[in-house]
Amino acid sequence: MPVKDNVRYEIIPRKVNEGRKWITVILENKDSRDISGASVELHSTDSSAISVRSTGEFVPNISQDEEVQLPFQIDAKRTAELFIVLDGIQETRPLHWLSSFITVSVGEPRVEITSLFVLSEAYARLETELETEATLEAHTKTGNLTARFWVETPEGELLDLGEENISTMDDGEVKKVSASYVTAIEGLHRFYVYLYEGNKLLERKTDRILVGREEMV
């Protein structure tokens, strides 16, 4: 299981069929300090693809090396990324913890976005052109595909970065598509790619990068 800030975490299963399903969130405290009054929530980055019906779970205490398994009900339509939020107390101090994004696959995808990366250093500089690149992999012969790119600025503005049309893909074929963006404001930027077959949305993926002034690098 992956570990972030002394918490091991997992979602099982990571592949489900369409419809209303149950999945399990697993958390393990790898810190020497107990986590008390733990509130655990599961969230989706795209509620139109996977929506979480459960409101959250409460765990009175999670001791060192203790593992808890918590059930959550979801409505699954398309593949999406989920993340876990844990709030509690450690030695009288508030704890607010978020997992990394975890992809939960829904059904048998005709084609999927296997990765989305912003090609940059860890911190991007202002007035620099960034390229965001998505990798697509087909699992059957497809119709005409369109990859559409967006970026959300720190001010909450959503900018259209354009689209790339792919005529068709054969089973097992891999293609890369990309878009560029010139940074104009400091702060956290979120990049999105939406993959369509005709007018049908197949999948969405996201990546984030922090933009700062040159002296931050």
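Where a number appears in this text, it was derived from the coordinates with a stated rule and is not lab data. Since the structure is predicted, the reported quantities are computational estimates derived from the model, not experimental observations. Here the Cβ is made from the backbone with ideal geometry for all residues, glycine too, and neighbour counts use every protein chain on show.
Counting other beta carbons within 10 Å of each Cβ, put Lys200, Lys205 in order, fewest first.
Neighbour counts put them in this order, fewest first: Lys200, Lys205.
What Kirkwood radius, in Å to one decimal, follows from the Cα pairs of the range 72-208?
16.7 Å
In percent, what relative contact order does the range 3-106 have, based on Cα pairs under 8 Å that are 6 or more apart in sequence?
About 33 percent, as a whole number.
Tell me the label-point distance for the pair Ser100, Asn144, using the 7 Å Cα-to-Cβ offset, in nm and rounded to one decimal.
So the two model labels end up 3.8 nm from each other.
Compute a Gaussian network model of the chain, connecting alpha carbons closer than 10 Å, and tell me which residue from Pro109, Pro71, Pro60 fluctuates the most.
Pro60
Summing +1 for each Lys or Arg and -1 for each Asp or Glu, what net charge is found among the other residues whose Cβ lies under 9 Å from the Cβ of Gln64?
That sum, taken over residues with Cβ under 9 Å, equals -2.
Tell me, what ³J(HN,Hα) does each residue in the range 22-27 have, in order and in whole Hz, if you take phi through Karplus 6.51 cos²θ - 1.76 cosθ + 1.60 with θ = phi - 60° and put x for Gly and Pro?
Going residue by residue, I get 9, 10, 10, 9, 10, 10 Hz, with x marking Gly and Pro.
What is the order of Tyr196, Tyr9, fewest Cβ neighbours within 10 Å to most?
Neighbour counts put them in this order, fewest first: Tyr196, Tyr9.
Evaluate the relative contact order of the range 108-217 (contact order divided by residue number), counting alpha-carbon pairs under 8 angstrom at least 6 apart; express in whole percent.
Over the range 108-217, the number comes to 34 percent.
What is the set of long-range amide H partners of Met169 at a cut-off below 5 Å, with H atoms built 1.01 Å from backbone N?
Hits under the 5 Å cutoff: Thr142.
Any idea how far apart Leu126 and Ser63 come out in nm if each label point goes 7 Å out from Cα toward Cβ?
With each label point 7 Å from Cα toward Cβ, the separation is 5.3 nm.
Could you tell me which of the pairs Lys4/Lys205; Lys141/Lys175; Lys4/Lys77; Lys4/Lys200; Lys175/Lys205; Lys21/Lys175 are separated by over 25 angstrom between their Cα atoms in the structure shown?
Pairs exceeding the cut-off: Lys4/Lys77; Lys4/Lys200; Lys21/Lys175.
Could you check which residue among Arg148, Arg125, Arg93 shows the biggest mean-square fluctuation in a GNM of the chain with a 10 Å Cα cutoff?
Arg93
Amide H of Lys205 versus every other amide H placed in the peptide plane: which residues, excluding those fewer than 5 positions away on the same chain, fall under 5 Å?
Amide H neighbours of Lys205: Val193.
Averaging sequence separations of C-alpha pairs under 8 Å and six or more residues apart, then dividing by the length of the range 49-100, give the relative contact order as a whole percent.
That works out to 34 percent.
Could you tally the net charge around Arg208, taking each other residue with its Cβ under 10 Å from the Cβ of Arg208, Lys/Arg +1 and Asp/Glu -1?
Net charge around Arg208: -1.
Arranged by the count of other C-beta atoms within 10 angstrom, fewest first, what order do Phe191, Phe58 take?
Phe58, Phe191
Where Lys and Arg each count +1 and Asp and Glu each count -1, what net charge lies around Lys21 among other residues with Cβ under 14 Å from its Cβ?
After counting each charged neighbour, the total is +4.
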